[in-house]
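The values are calculated or read from the model by the stated rules, or taken from the named source; none is laboratory data. As the structure is a computational prediction, the values presented were derived from the model and not from experiment. A quick note on method: Cβ atoms are made from the backbone with ideal geometry, for glycine too, and the neighbour counts reach across all protein chains shown.
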Amino acid sequence: GAGVSQSPSNKVTEKGKDVELRCDPISGHTALYWYRQSLGQGLEFLIYFQGNSAPDKSGLPSDRFSAERTGGSVSTLTIQRTQQEDSAVYLCASSLFSGGSYNEQFFGPGTRLTVL
Amino acid sequence: KQEVTQIPAALSVPEGENLVLNCSFTDSAIYNLQWFRQDPGKGLTSLLLIQSSQREQTSGRLNASLDKSSGRSTLYIAASQPGDSATYLCAVRQASGGYNKLIFGAGTRLAVHP
């Protein structure tokens, strides 16, 4: 595809339910990132995938959050037992990682999650 | 801990003005700095990326400068247009100890009125 795509664009769920958010990065981009944008918190890093390396999970706020990246392409962010404070826009980004250099990050449109 | 600050938080100007948006960061050991715009309800659009070894980058009416030693970057918008109205975010990538992520400022909300 031409850019990073995310689905769903909006998700409303009840407190305590599990949700899955999907990200399709730009074809050929080996690096994939998840960020969260919430009111009053700005944009914060969640997790990073690079090729076959172990992901950098340092930004995940709790063990209710997990993510995987299958086949080095599509990624799924899962939030278990959602809480109201999980309400935010979840943004995915991808970039090339070539020759040991980090390149420009391109962002998807985001998934707006509302936990009732 | 790296902190990124953007000033002003909001700006409202008439069409045609030249603008300067400011971004400062506390730790000068950065790998690169990236400017984005975000329209309401949308994702981020990358505007310019400046590597730590560079002093400036230009794209159309946009010019971004970087002074790494003083921990500052500016985004210059020439001849502003109503279509420039958006939130502008700067983000830095650390050179070490967390270089896998971007650290964002809170943004400058720009309104350009006809």
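Among the residues of the range A:65-78, those identified as surrounded by 14 or more Cβ atoms within 10 Å (Cβ to Cβ) and either touching a His at 6+ places or on another chain (Cβ under 7 Å) or in a loop (DSSP other than H, G, I, E, B) (or both) are A:G72, A:S73, A:V74. Every test in (1) more than 21 Å from A:R112 (Cα to Cα); (2) among the hydroxyl-bearing types (S, T, Y); (3) surrounded by fewer than 19 Cβ atoms within 10 Å (Cβ to Cβ) is passed by A:S95 save one, and that test is (3). Could you say whether any residue in the range A:98-115 is farther than 28 Å from B:I50 by Cα and in a loop (DSSP other than H, G, I, E, B)? No, the conditions are met nowhere in the range A:98-115.
For the range A:63-73, the set of residues classified as in contact with an Asp or Glu (Cβ under 9 Å, 6 or more places away or on another chain) and at pLDDT 95 or above consists of A:R64, A:F65, listed by residue number.
Each row is one residue, and each column tells you yes or no for (1) in contact with a Gly (Cβ under 8 Å, 6 or more places away or on another chain); (2) modelled with pLDDT of 95 or more.
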| residue | (1), (2) |
| --- | --- |
| B:A29 | no, no |
| B:N32 | no, no |
| B:G41 | no, no |
| B:S52 | no, no |
| B:Y88 | yes, yes |
| B:R93 | no, no |
| B:S96 | no, no |
| B:K101 | yes, no |
| B:G105 | yes, yes |
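Highlighted here are the strands (runs of 3 or more DSSP E) found entirely within the range B:1-92 that include at least 3 residues which are within 14 Å of chain A (Cβ to nearest Cβ): B:4-7, B:30-38, B:44-51.
Checked against (1) away from chain B (no Cβ under 14 Å); (2) over 19 Å from A:I26 (Cα atoms); (3) touching a residue at least 24 places away in the same chain (Cβ under 8 Å), A:A88 passes all but a single condition, namely (1). Which of the following residues is modelled with pLDDT of 90 or more and either among the charged types (D, E, K, R) or within 21 Å of B:G41 (Cα to Cα) (or both): A:T76, A:T111? Just one listed residue meets the conditions, A:T111.
Put simply, of A:S62, A:S58 the only residue that is surrounded by fewer than 19 Cβ atoms within 10 Å (Cβ to Cβ) and closer than 21 Å to A:F97 by Cα is A:S58. Candidates are the residues of the range A:86-106 that are small (G, A, S) and at pLDDT 90 or above; the one that is nearest to the chain's Cα centre (by Cα) is A:A93.
Matching residues to (1) over 21 Å from B:P8 (Cα atoms); (2) free of Cβ contacts under 8 Å to residues at least 24 places away in the same chain:
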{"site": "B:R55", "(1), (2)": "yes, yes"}
{"site": "B:D67", "(1), (2)": "no, yes"}
{"site": "B:I77", "(1), (2)": "no, no"}
{"site": "B:A91", "(1), (2)": "no, no"}
{"site": "B:A95", "(1), (2)": "yes, no"}
{"site": "B:A106", "(1), (2)": "no, no"}
{"site": "B:R109", "(1), (2)": "no, no"}
{"site": "B:H113", "(1), (2)": "no, no"}
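Within the range A:1-19, the set of residues being of a type in the set (V, I, T) and either in a loop (DSSP other than H, G, I, E, B) or exposed (fewer than 14 other Cβ atoms within 10 Å of the Cβ) (or both) comprises A:V4, A:V12. Within the range A:39-66, residues that are within 12 Å of chain B (Cβ to nearest Cβ) and basic (K, R) have Cβ atoms under 8 Å from residues that are crowded, with 18+ Cβ neighbours inside 10 Å and part of a strand (DSSP E or B) in these pairs: A:K57/A:I47; A:K57/A:A67, counting only partners at least 6 apart in sequence or on another chain. Does B:R109 satisfy being at pLDDT below 95 and outside any loop (DSSP other than H, G, I, E, B)? In short, no.
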